[in-house]
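The values are calculated or read from the model by the stated rules, or taken from the named source; none is laboratory data. All figures in this text were calculated on a predicted structure; none of them were measured in a lab. As a convention, Cβ positions derive from the backbone with ideal geometry for all residues, glycine included, and neighbour counts pool all protein chains shown. Quick note on the areas: whole protein, heavy atoms, side chains included, nothing else; ligands and nucleic acids left out. Shrake-Rupley method; radii C 1.70, N 1.55, O 1.52, S 1.80 Å.
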Amino acid sequence: MKKQGDTSLGKKSNKNKSSRSNPEGISRMKKDNMKLKHSPSKTFQKSVVKKTKAFQKQGSMELSTITEQRSSLRKKAELTQKVGSANSSLNETPETLSQISSIMPSEEYTVLSPSYKQTLSKSQMDATWELAVDKARGQPDGAEGSFSKKTPKPAIKQTLAPDKKKTLVKEKENTKAKKKNVAAKYIKDPLNKAVNKMKALKSKEAPEKNQGAKLKRKFDEPLPDETTVPKKAKLTFKEKKKERKMMKDNYDLIHSAKFIWEELRKLNLPQERREELCKSLFDKVQGKVKELAVVHDSARIIQCLVKYGVPENRAVVLEELKDHIVELCKSKYAKFIIRKLLKYGTKQQRTQIIKAFHGHVRKLVRHKEASDIVEFAYNDFANAHQRLGLLEEFYGPTFVLFKTPSIASLDDFLKEQPDKKDMIMSNLKGTLLPLIDKQILTYSLVHKIFYDFFKHADVAQQKDVIEALRESIVHMLHTRDGVRTAMCCIWHGSAKDRKLMIKSLKGHVAKICREETGHMLLLAIFDAVDDTVLVQKVILDELLKNLAEVVQDTHGRKVLLYLLMHRHPVHFCPDVISILQQGDGNSTSKKDAALRARELRDHISRPLLAYLEGNVQKLITNSSTSLLVLAIITHASGDVTNAMDAIAKVVVESADPTKTANPSGESVINVSEDTAGHLVLKKLILNDKERLQQGKSGLFSVILLNAARDATFKSWAASNRGCFILVSLFETEIPEVTEMLQTWLDSLKKHLKKMTFKGAEILLQKLEGKQSHGMTSRKEISL
């Protein structure tokens with residue numbers, strides 16, 4: 001019963017360590033005495049262990065701080081020993097208050113001092129005072145029976161021998177030494193370990209004498225992570241590239257085929273060796289063409305095989321790819337294999353490839369890669385029936401399913417079934433708007449679709465497409481259908497649309513003038529746009545800045561001739577004039593056509609005359625530009641006498657036999673003997689009749705005779721073409737001109753009679769006033 005009560009009360013006392021709260025005065029003296037007998041106490045041991053662990057964590061603490069902590073720990077150890085001796089005296093139970101007061105700490109430490117409170121734990125302080133107070137009060141009533149403490153029996157004194165006394169003294173000293181060693185073990189061992197640890201770390205942190213490199217401390221090194229992938233050795237760029245290639249399929253096949261391809265693609269390779277290489281390469285890639293076609297390097301190998309291989313090789317390649325043609329056209333690399341098959345394949349193979357496009361044309365045209373292949377097939381290899389088959393998908397879904405071999409164009413289909421026009425136009429409009437993209441608008445297939453729409457659509461339908469297309473027409477001017485579409489936009493567009501379209505041409509005018517089809521758009525603009533100021537600023541000013549390039553180009557000269565001689569049949573064929581006449585009478589143009597043409601001609605005349613004055617020799621002796629010279633003199637606005645003076649001066653100087661080169665170093669060509677030059681001179685001279693009738697000032701024949709000298713007439717009279725120039729001067733029938741000729745040529749009659757060519761005979765007849773029987777054939781002879 002006592003043991004059970006003691007144990008139960010002992011558990012409760014753990015929760016309430018202060019015995020003053022116990023009404024029955026139950027004390028934990030016995031248990032606490034056992035704790036206090038040990039030196040040092042377990043609480044102190046725990047504090048030492050915690051601090052040693054803290055020392056281990058703080059590996060970078062200075063050695064001086066460690067020594068200070070050691071000294072403080074030693075003082076605490078001495079304090080605990082003093083407290084232990086004080087507690088040992090409590091084993092002799094105090095019975096009076098005088099005995100309680102005699103239990104006092106040393107002078108250095110008092111119960112009230114803070115240092116003493118810090119060294120003793122709460123349980124130690126409470127136990128000391130409780131022991132003394134409980135003994136002084138006595139036991140409560142009713143506690144004698146079960147809770148009374150057994151008084152120890154007095155020890156029986158025995159007399160021991162002196163040897164035994166010495167052994168007992170030694171044993172006591174040994175026990176005391178062991179106790180001291182136990183306390184030192186808990187204090188010194190962790191401290192020594194911490195000091196040794198710090199010395200080892202500092203020795204590692206210090207740079208080595210020979211190497212001079214800092215080593216990482218052990219606690220800074222990261223622990224190995226089992227979840228991370230171990231790092232591989234660093235590879236060069238080429239090694240990484242090779243490693244990636246080796247991971248791909250067919251690496252060995254591609255690697256070996258490349259050596260054959262390197263030799264096969266040489267241009268100077270003998271034919272026998274080429275055939276041998278093609279055969280070995282075909283044996284390697286046969287059966288795997290589809291897999292190799294989509295890889296960038298192996299695709300080149302297949303292209304080379306298609307180009308240099310025999311027709312049987314191309315047939316096998318096409319047989320492996322025939323079910324994947326649409327898919328391969330969308331590939332960045334495989335599309336070139338389809339291109340090579342179209343270029344080097346037979347007619348049947350091309351037909352097979354074009355048939356594979358049916359049903360997919362609308363999607364392929366909008367695809368970035370496939371659109372090039374469809375355009376290549378349509379523009380270069382498809383016949384009229386195949387082209388219509390590619391275009392029919394844009395007319396409506398019924399044309400995809402039902403083909404009509406007898407119909408060659410949309411015009412033929414609308415003639416047979418005019419009731420389906422609205423349906424076709426609505427389908428075309430819906431498919432055209434997504435095609436207005438910079439890249440797609442460069443294809444001739446798209447241009448044909450747009451032109452078919454503008455030919456048959458009404459004004460309302462055209463208006464919507466023009467608004468979407470007005471800033472992109474510059475990309476459509478390199479094909480016939482594209483420029484016709486742009487011309488329709490100019491003719492049927494509003495004033496705002498025209499303004500935006502003209503501004504979109506800024507920076508491209510010189511190039512458009514030199515294009516075979518693009519210059520037609522400029523002619524349509526000159527005919528239709530009323531805002532001549534805008535045309536002058538955007539188009540004509542840029543054209544005049546590049547006048548030298550435009551004059552030397554065939555199509556560029558047509559633009560200049562159209563500005564000078566509007567739709568003159570000498571320079572423009574009837575087909576061109578009929579095309580331009582389609583824009584006449586449009587609802588947007590309000591200004592008179594003659595007034596519009598005169599305003600543009602006035603703006604360009606002065607720069608053209610200035611250019612002619614500085615480049616007479618080059619322009620007048622060139623058969624392609626000689627007609628432009630005549631057009632400038634005869635149709636340019638303003639005073640042309642300065643240009644006439646420049647021409648006359650060049651003609652007279654070229655007839656002088658003493659001058660073989662001009663001041664710039666160029667060889668002088670006799671204009672009167674030149675094929676193109678003498679024709680220009682004759683036409684300029686004969687044009688004086690019209691100038692007289694129109695009342696214009698400045699006659700070229702008069703200016704030429706005033707600049708001519710005696711040597712000039714002798715030179716002309718000595719050649720057949722020169723004689724015809726003199727005959728043209730007589731035919732002007734200008735009295736001033738004929739009189740001057742008569743005076744200059746009277747002295748040359750004897751020489752003319754000795755000449756045998758036809759020009760001299762006709763000139764002699766003019767001088768003598770006789771009319772020759774063969775006068776009617778003079779023009780044919782001169783030509």
Quick one: Glu239 ticks every box in (1) open to solvent by less than 100 Å² (accessible area, probe 1.4 Å); (2) in a loop (DSSP other than H, G, I, E, B); (3) at pLDDT 65 or above; (4) farther than 30 Å from Tyr308 by Cβ except a single one, so which number is it?
(2)
Being within 22 Å of Asp645 (Cα to Cα), in contact (Cβ under 8 Å) with a residue 24 or more places away in the chain and polar (S, T, N, Q), is that true of even one residue in segment 598-608?
yes
Where the second residue is open to solvent by 60 Å² or more (accessible area, probe 1.4 Å) and the first is part of a helix (DSSP H, G or I) and lies in segment 729-752, which pairs have Cβ atoms under 6 Å and are six or more apart or on separate chains?
Phe730/Lys766
For segment 571-588, name all the residues that are open to solvent by 30 Å² or more (accessible area, probe 1.4 Å) and outside any helix (DSSP H, G or I).
His571, Cys573, Gln582, Asp584, Gly585, Ser587, Thr588
Restricting attention to segment 628-639, does a residue exist that is within 47 Å of the chain's Cα centre (by Cα), in contact (Cβ under 8 Å) with a residue 12 or more places away in the chain and at negative phi?
yes
Elements of type helices (runs of 4 or more DSSP H) in segment 274-389, at least 3 residues being within 34 Å of the chain's Cα centre (by Cα):
289-293, 296-308, 325-329, 335-344, 347-356, 361-366, 370-380
Report whether or not Leu729 is touching a Phe, Trp or Tyr at 6+ places or on another chain (Cβ under 8 Å) and either over 21 Å from Asp645 (Cα atoms) or of a type in the set (A, V, I, L, M) (or both).
no
Residue pairs meeting the criteria (Cβ under 7 Å; at least 6 apart or on separate chains; first within 10 Å of His358 (Cα to Cα) and touching a residue at least 40 places away in the same chain (Cβ under 8 Å), in segment 387-401; second aromatic (Phe, Trp, Tyr) and open to solvent by 10 Å² or more (accessible area, probe 1.4 Å))
Leu390/Tyr378
May I ask you to verify whether Asn642 is within 60 Å of the chain's Cα centre (by Cα), surrounded by fewer than 18 Cβ atoms within 10 Å (Cβ to Cβ) and assigned to a helix (DSSP H, G or I)?
yes
Can you go through Lys368, Lys343, Lys355, Lys330 and tell me which one is within 24 Å of Ile440 (Cα to Cα), in contact with an Asp or Glu (Cβ under 6 Å, 6 or more places away or on another chain) and either surrounded by fewer than 18 Cβ atoms within 10 Å (Cβ to Cβ) or without any contact (Cβ under 8 Å) to a residue 24 or more places away in the chain (or both)?
Lys330
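Yes or no, residue by residue, for (1) without any contact (Cβ under 8 Å) to a residue 40 or more places away in the chain; (2) among the hydrophobic types (A, V, I, L, M, F, W, C):
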site: Arg514; (1), (2): no, no
site: Leu521; (1), (2): no, yes
site: Phe526; (1), (2): no, yes
site: Asp530; (1), (2): no, no
site: Val538; (1), (2): yes, yes
site: Asn546; (1), (2): yes, no
site: Leu563; (1), (2): no, yes
site: Arg567; (1), (2): yes, no
site: Cys573; (1), (2): yes, yes
Being crowded, with 23+ Cβ neighbours inside 10 Å and either touching a strand residue (DSSP E or B) at 6+ places or on another chain (Cβ under 6 Å) or farther than 17 Å from Ser589 by Cβ (or both) is the filter here, so list the residues in segment 485-508 that pass it.
Thr485
Determine which single condition Lys683 fails, assuming it passes every other condition in (1) open to solvent by 10 Å² or more (accessible area, probe 1.4 Å); (2) over 60 Å from the mean Cα position of the chain (by Cα); (3) modelled with pLDDT of 85 or more; (4) not polar (S, T, N, Q).
(2)
I'd like the full set of residues that are in contact (Cβ under 8 Å) with a residue 40 or more places away in the chain, open to solvent by less than 20 Å² (accessible area, probe 1.4 Å) and within 20 Å of Glu319 (Cβ to Cβ), limited to segment 247-300.
Ala257, Leu292, Ala293, Ser298
Looking at (1) among the acidic types (Asp, Glu); (2) touching a residue at least 24 places away in the same chain (Cβ under 8 Å); (3) farther than 24 Å from Tyr378 by Cβ, which is the one condition that is false for Asp452?
(3)
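Here is a yes/no grid of residues against (1) surrounded by 12 or more Cβ atoms within 10 Å (Cβ to Cβ); (2) free of Cβ contacts under 8 Å to residues at least 40 places away in the same chain; (3) within 20 Å of Phe376 (Cα to Cα); (4) β-branched (Val, Ile, Thr):
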residue: Ser406; (1), (2), (3), (4): no, yes, no, no
residue: Leu414; (1), (2), (3), (4): yes, no, no, no
residue: Met425; (1), (2), (3), (4): yes, yes, no, no
residue: Leu428; (1), (2), (3), (4): yes, yes, no, no
residue: Thr442; (1), (2), (3), (4): yes, yes, yes, yes
residue: His456; (1), (2), (3), (4): yes, no, no, no
residue: Val465; (1), (2), (3), (4): yes, yes, no, yes
